[in-house]
Amino acid sequence: MNDPQQGPPKRVRGHTRKQAIWDFEPDERFTVTFDEYVQPIGKEGKELTSFLGTVAKMSQHLEISIKDWRKIPQDKKDDLWSIVKEKFEFAPVETEEIKLWVMADINRKWKTWKYELKKRSFDSSLTIDEIVAAQTDSRVDKEDFRKLVTHWFCEETQVIQFFVEKKKAIRSKSNEPHVLGTKSFARLADEEKKKDKDGVRPSRGKLYILSRTRGKNGSIVNENAAKVIDKIKVIASDTSTSTSSTSTVIVDWNNDDLARVKGKERGDYTQCAGPKIRMPKSKRSRVSQVPMLKARINELEDEVKEMKENQAVILQFMANYKNQNPNGEFSNVLNSTKQR
C-alpha cells in the first residue's frame, strides 16, 4: 500500500507502439523528406525513426540471440524493408542511400534493444532459468531470449563486457551531453535553416552550441561543453573561416568549425550530424547522390520557369503602357510608384 505522504506512485512510460501507423490503410503512407546528408527531417522524420524502433523489436523477424547484424538472413532484412515501404514513402526521391540509412537505423535500434534487455535482466547471481522466468515483456520470444542469456554467461562475453564498461567510464569523464532529447541533429538543422532569412543551414559548431545550451535559462550543460563552445565562438568571430553552408552546398566536415575544435571524425557517426552512410563497394560505382541531385535540378528548373513567366508579364505590361502612352516615359511611372 502506498504511503499517502509520498503521494501517488510515479507513472512509468510504456514502450512506444506507433499503433496508428501500424493501422494505416493499404494506400495510406507518411511522406518523409531526407536532406542532402541523407538524414530524415520534419515531424514525418520523427515518426519514421520512432516506427523503426518498433520494427527492430519484432521477434519474428529479428532474433535477439544473433550476435551480429551481418548474420541476419537477407530475406529477413528484405521483409523489414517491405514493412517500412508499406507505411512510408520518401522525398525528394527514393535512393539506395535512403534504404541503407533505414536498415542501419533498424540495426542500431536492434542492438540498443538487446543492450536494454541485458541492463534490466542480467544478474550474475541468478541462473539462466531464473532470468528467463522473470522476463515478462510480450515483445520477447522466450526461447530466443534463453539463447541470448546463455550467451551473456559465456566467458568470452564477460571479458568483452569488461573492456566495454571500461571504455564507457573513460568517455564519461569528457562527456558533453546534448539537451535535444529524441530530436535528431538533422531535424534541428532543418528548423534553424527555415528560420534563417537566407535559408542557410547552420554549421556543426552552431548546432553544438544550440544542443548544449538549456532553453529555459540559457546555461551550458557542463564545463567541458562550455570550453568547446568558447573555442567555436572564437572561430565564428573570424569571418575568413566561416563554415555555414548554403541550402545546396555540402560542407567538408573534416575542416569545419567543429572539426577545428574537436578534430576529425572517426567511426560511423559524425558529431552534430548523424550516422555515416557507407555504400557497399559493389554499389558505389552505380549508386550515388545523382537521383537527389536530379530532383534538386528539377526544383531549380521550376524556379527558373517561374522567373521567366514573371519576366514575360512585366515585359507585356511595359509594352502595353508604351502603346497607350507613346509619349510617356516608363521611368516616370516607376519613380511615382516609389514615392507612394
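Okay, here's what the table says:
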{"quantity": "Partner aspartates and glutamates for Lys43 [C-alpha distance under 16 Å; skip if fewer than 8 residues away on the same chain]", "calculated": "Asp35, Glu89, Asp190, Glu191, Glu192"}
{"quantity": "Which listed pairs, of Lys195/Lys216; Lys57/Lys147; Lys109/Lys264; Lys193/Lys262; Lys18/Lys183, have C-alpha distances above 22 Å, in listed order", "calculated": "Lys109/Lys264; Lys193/Lys262"}
{"quantity": "Cα centroid separation - the stretch 68-91 against the stretch 114-153, whole Å", "calculated": "26"}
{"quantity": "Computed over the stretch 185-264, Kirkwood Rh from alpha-carbon pairs, angstrom", "calculated": "13.1"}
{"quantity": "Mean projected area (nm²) of the alpha-carbon convex hull when the stretch 17-120 is viewed from all directions", "calculated": "7.1"}
{"quantity": "Those aspartates and glutamates that a straight Cα-Cα span of less than 19 Å connects to Lys308, excepting residues fewer than 8 apart in one chain", "calculated": "Glu299"}
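Where a number appears in this text, it was derived from the coordinates with a stated rule and is not lab data. Computed from a prediction, not measured in an experiment: that's the story for all the values here.
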